[in-house]
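K.L.:
Quick one: the structure is below, questions incoming.
The values are calculated or read from the model by the stated rules, or taken from the named source; none is laboratory data. What you see is a predicted model; the values in this text were computed from it and never measured. Positions of Cβ are backbone-derived with ideal geometry, glycine not excepted, and every protein chain shown enters the neighbour counts.
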Amino acid sequence: MKFKKYILPLILFTIIPTILIWLPFFFKLDTFWGIPLPQQGMATIAANYDGPLYLVVAKSLYNSEFIRLNYSFPLPLEYYAAHFPLFPMLIRLFAPLAGFPYSMLFVTVASSYLLIFYFYKLIKGHVSENNALWVTFVFSLFPARFLISRSVGSPEPLFMAALVASIYYFRNKKYFFAGIAGAIATLTKSPGILLFIVFLGYIISSQLKNIALLPTRAWISKLQIGKIYPILFIPVALFSVFFLYSKVFGNFFAYFNSGDNIHIFFPPFSIFNYSAPWVGTSWLEEVLLVYLIGGLGLLNLIEKRQYLYAWFVGVFFTSILFVSHRDIVRYALPILPFLFVAFSETVVKKQFKFLFALLLIPIYLFSLSFISQNVMPIPDWAPLL
């Protein structure tokens with residue numbers, strides 16, 4: 001019964017949109033709805049940024065000499081330190097079944113299911129059971145940048161799945177699983193360490209009122225350190241990645257020497273410097289919408305007294321203000337699940353359902369257009385297979 005009631009729909013939400021995205025490329029259509037499409041078939045999907053770079057890590061295991069001899073990407077060897085190990089290790093694990101590129105797509109799709117599954121479990125606590133599947137369906141498709149990320153080789157679905165799972169378990173006082181999921185997030189992408197700050201901030205702030213009322217020892221006991229210690233798995237995971245880098249790159253801090261792959265700049269709002277290397281345009285007005293929606297979502301969560309979610313959105317949203325990269329929506333994706341909680345009353349309204357139906361076609365067309373243009377040039381696929 002559970003399978004038909006929600007597991008099957010979640011599988012369909014995961015697979016069907018991705019297949020529909022893949023089909024025009026699989027059949028090598030010249031155009032779709034007037035949009036010119038590349039003629040490389042599924043290679044277009046596999047070549048989308050930053051998929052090929054994770055394939056390099058999966059095949060080389062960060063071996064600098066192997067990378068130098070086999071791959072011609074014009075990148076410094078230290079650049080690969082910005083690509084954390086868990087996603088490429090999973091690619092390598094499943095590669096014997098279908099080769100590295102298709103293994104990468106499989107891991108992305110499987111991670112997408114886990115993300116959608118945990119989002120459903122999370123959102124079910126904030127809307128009626130009848131509306132939970134609807135909100136999950138919308139989440140699986142919107143914004144289009146999220147649909148794109150889960151339709152190409154990308155660590156974002158795995159990263160987001162681990163984040164949502166960690167918050168879900170922490171909220172339900174299952175701290176061991178929260179720590180494990182948080183460690184998985186950190187092994188996938190460096191911003192996972194922000195989750196540790198989220199948990200610390202939430203734990204301490206929830207007990208601030210007791211500082212003036214209780215002795216220090218009693219106040220500390222209120223923090224329940226004996227129960228919440230598994231969140232230490234998160235910084236331990238980051239330390240383990242840096243320890244790995246000390247062995248393969250000979251530099252514990254190789255991540256911070258990975259070139260221009262770290263896009264945090266001071267002062268905030270540096271993204272509006274159109275001459276910045278990863279911006280390159282003055283057409284940036286939609287960035288204001290990202291800031292507006294993120295800020296409104298944060299305020300809504302505070303008003304709803306969803307303080308754990310608010311801490312998460314607040315910490316990650318603050319970091320986004322310092323990001324100087326044209327693809328700002330991708331950097332904002334981690335807060336997306338909790339924005340759906342913040343705006344859940346709007347998403348379940350009839351007016352929203354009508355407008356979202358109208359958006360389905362432009363979401364699809366934007367996805368095709370973006371994927372067709374976000375392709376890394378690969379003259380020879382042989383070293384990546």
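K.L.:
Consider Ser367 carefully, then state whether it is of a type in the set (S, T, N, Q), under 30 Å from Ala58 (Cβ atoms), at pLDDT 95 or above and out of contact with any strand residue (DSSP E or B) (no Cβ under 8 Å at 6 or more places or on another chain).
P.N.:
It is true that Ser367 is of a type in the set (S, T, N, Q), under 30 Å from Ala58 (Cβ atoms), at pLDDT 95 or above and out of contact with any strand residue (DSSP E or B) (no Cβ under 8 Å at 6 or more places or on another chain).
K.L.:
Shifting gears a bit: Filter the helices (runs of 4 or more DSSP H) completely within the range 176-290 down to those with at least 2 residues that are modelled with pLDDT of 95 or more and crowded, with 18+ Cβ neighbours inside 10 Å.
P.N.:
Because the criterion is at least 2 residues that are modelled with pLDDT of 95 or more and crowded, with 18+ Cβ neighbours inside 10 Å, the helices (runs of 4 or more DSSP H) in the range 176-290 that meet it are 194-206, 233-248.
K.L.:
What are the residues in the range 254-269 that are in contact (Cβ under 8 Å) with a residue 24 or more places away in the chain and under 26 Å from Pro74 (Cα atoms), if any?
P.N.:
Ala254, Tyr255, Asn257, Ser258, Gly259, Asn261, Ile262, His263, Ile264, Phe265
K.L.:
Do you know which of the residues in the range 5-37 that are among the hydroxyl-bearing types (Ser, Thr, Tyr) and more than 15 Å from Phe370 (Cα to Cα) is surrounded by the fewest Cβ atoms within 10 Å (Cβ to Cβ)?
P.N.:
In this case the residue turns out to be Tyr6.
K.L.:
Please enumerate the residues belonging to the range 182-207 that are more than 20 Å from Leu339 (Cβ to Cβ) and hydrophobic (A, V, I, L, M, F, W, C).
P.N.:
Correct list: Ala183, Ile184, Leu187, Ile193, Phe196, Leu200, Ile203, Ile204.
K.L.:
Name the single residue, out of those in the range 154-175 being of a type in the set (Ser, Thr, Tyr) and surrounded by 24 or more Cβ atoms within 10 Å (Cβ to Cβ), that is nearest to Ala332 (Cα to Cα).
P.N.:
By that ranking, first place goes to Ser154.
K.L.:
Of everything in the range 14-56, what is of a type in the set (Ser, Thr, Tyr) and either modelled with pLDDT of 95 or more or farther than 27 Å from Leu75 by Cα (or both)? Give them in sequence order.
P.N.:
Within the range 14-56, Thr14, Thr18, Thr31, Thr44, Tyr54 qualify.
K.L.:
For residues in the range 25-44 being assigned to a helix (DSSP H, G or I) and out of contact with any helix residue (DSSP H, G or I) (no Cβ under 6 Å at 6 or more places or on another chain), which is nearest to Ala382 (Cα to Cα)?
P.N.:
My answer is Ala43.
K.L.:
Still on this model: Has the range 95-104 got at least one residue that is among the polar types (S, T, N, Q) and either within 17 Å of Phe340 (Cα to Cα) or under 16 Å from the mean Cα position of the chain (by Cα) (or both)?
P.N.:
Checked the range 95-104: no residue is among the polar types (S, T, N, Q) and either within 17 Å of Phe340 (Cα to Cα) or under 16 Å from the mean Cα position of the chain (by Cα) (or both).
K.L.:
If only one of Pro74, Pro96 is free of Cβ contacts under 8 Å to residues at least 60 places away in the same chain and not in a helix (DSSP H, G or I), which one is it?
P.N.:
Just a single option satisfies the conditions, and that option is Pro74.
K.L.:
Does Phe354 qualify as being farther than 20 Å from Gly153 by Cβ and either modelled with pLDDT under 95 or surrounded by 17 or more Cβ atoms within 10 Å (Cβ to Cβ) (or both)?
P.N.:
So Phe354 fails the test.
K.L.:
Please find, within the range 338-355, the residue that is nearest to the chain's Cα centre (by Cα) out of those that are of a type outside the set (A, V, I, L, M) and in a loop (DSSP other than H, G, I, E, B).
P.N.:
Phe343
K.L.:
Hey, Gln40 hits all of (1) surrounded by fewer than 18 Cβ atoms within 10 Å (Cβ to Cβ); (2) touching a His at 6+ places or on another chain (Cβ under 8 Å) but one; which does it fall short on?
P.N.:
(2)
K.L.:
For the range 318-337: of the residues being assigned to a loop (DSSP other than H, G, I, E, B) and out of contact with any strand residue (DSSP E or B) (no Cβ under 7 Å at 6 or more places or on another chain), which is surrounded by the most Cβ atoms within 10 Å (Cβ to Cβ)?
P.N.:
Ser324
K.L.:
Within the range 122-162, which residues are part of a helix (DSSP H, G or I), under 21 Å from Thr44 (Cβ atoms) and not aliphatic (A, V, I, L, M)?
P.N.:
Arg145, Phe146, Ser149, Glu156, Pro157, listed by residue number.
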